[in-house]
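The structure appears below as structure tokens.
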Amino acid sequence: MNTFSKMSIVAASVFAFAFSANAQSSVTYKVVKVQGEIVRVKTGNNLSIGENVVSNENLNFKDNYSRAMVVNKEKGCMILSANSSNGGPQFMPAPNNMSVRSAVPTQPSEVLDFYYGFVAVTGCDSLKIDDEKLPINDESYFTVNYTAGGKEVNDKLVFKNGKLALPATLIQNKPEKVEVCYNNEFGLRKKSEFKPIYVDDNVLKKELDLIFNAIPGGNDSRISASVVFVNDFYGKTTAETVESWINKNLK
């Protein structure tokens, strides 16, 4: 066998090994949600919910905030975003190990801290409080204040079984921003403001179905991943809220 033939065989072997190694190292994920715009370079189509994406696929992130939540049965939930060093895709583990059971508020300021920034509104919302240290009654209570249809609306947060909940009228009116105010018998008034992110039940059902079908383990792992997902891709929520929504909407 001449030298050229030997070199050809060696080159082919190296190529085959490299191809095999590359195929083995690639991981396929299911897309749960996309924020911004991520384009598949090969087809020119936007990445969409329910599609498969491969870890070594060539993707174009249209904005620096473009990202996606993806899932894989072995890897769990991952965040797909652009690599800041080379612009290519990177898959980072979602913070599934975070505690989804937040501390129970004992002070008005802790409740107001929760209702600040972006808050997911599902219709199953609840915030458990320590009602011995933070009593809610006719003299001490929280209200939501906003404008709807050119009118000022002032409603109390619902308090039941040790939990605060947003009033149903807020979901009906869908204001763009909401002020939360604490009032008590001594004339104390503290305020915060949040932007409600209204969750579409049909959309969230598709997204959480994908997570439930992909996350290994029992319901605790799936619910934990779902809470992290809602917190990260919608707005602040609680484990109780997500569990309640799941029990109502997912079989």
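For residues that are in a helix (DSSP H, G or I), within 27 Å of L170 (Cβ to Cβ) and not hydrophobic (A, V, I, L, M, F, W, C), tally how many sit in segment 210-236. Going through segment 210-236 one residue at a time, the tally reaches 3.
Of all residues in segment 170-189, those that are of a type outside the set (V, I, T) and surrounded by 12 or more Cβ atoms within 10 Å (Cβ to Cβ) total 8. When we screen V41, V27 for residues that are farther than 21 Å from L208 by Cβ, touching a strand residue (DSSP E or B) at 6+ places or on another chain (Cβ under 7 Å) and exposed (fewer than 14 other Cβ atoms within 10 Å of the Cβ), the only hit is V41. Checking each residue in segment 119-135 for being farther than 25 Å from K205 by Cβ and within 30 Å of the chain's Cα centre (by Cα) picks out I129, D130, D131, L134.
Within segment 111-140, residues that are touching a residue at least 24 places away in the same chain (Cβ under 8 Å) and within 21 Å of E176 (Cβ to Cβ) sit with their Cβ atoms under 6 Å from residues that are hydroxyl-bearing (S, T, Y) and surrounded by fewer than 18 Cβ atoms within 10 Å (Cβ to Cβ), at 6+ positions apart or across chains, in these pairs: V121/Y198.
Every residue, every condition in (1) among the polar types (S, T, N, Q); (2) assigned by TED's automatic domain parsing to the domain that holds V53; (3) surrounded by 18 or more Cβ atoms within 10 Å (Cβ to Cβ); (4) closer than 16 Å to S126 by Cα, yes or no:
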| residue | (1), (2), (3), (4) |
| --- | --- |
| K191 | no, no, no, no |
| K206 | no, no, no, no |
| I211 | no, no, yes, no |
| G217 | no, no, no, no |
| R222 | no, no, yes, no |
| A225 | no, no, yes, no |
| K236 | no, no, yes, yes |
| N249 | yes, no, no, no |
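The values are calculated or read from the model by the stated rules, or taken from the named source; none is laboratory data. What you are looking at is a predicted structure, and each value in this text was computed from that prediction instead of being measured. Here Cβ is always computed from backbone atoms with ideal geometry, including for glycine, and neighbour counts include all displayed protein chains.
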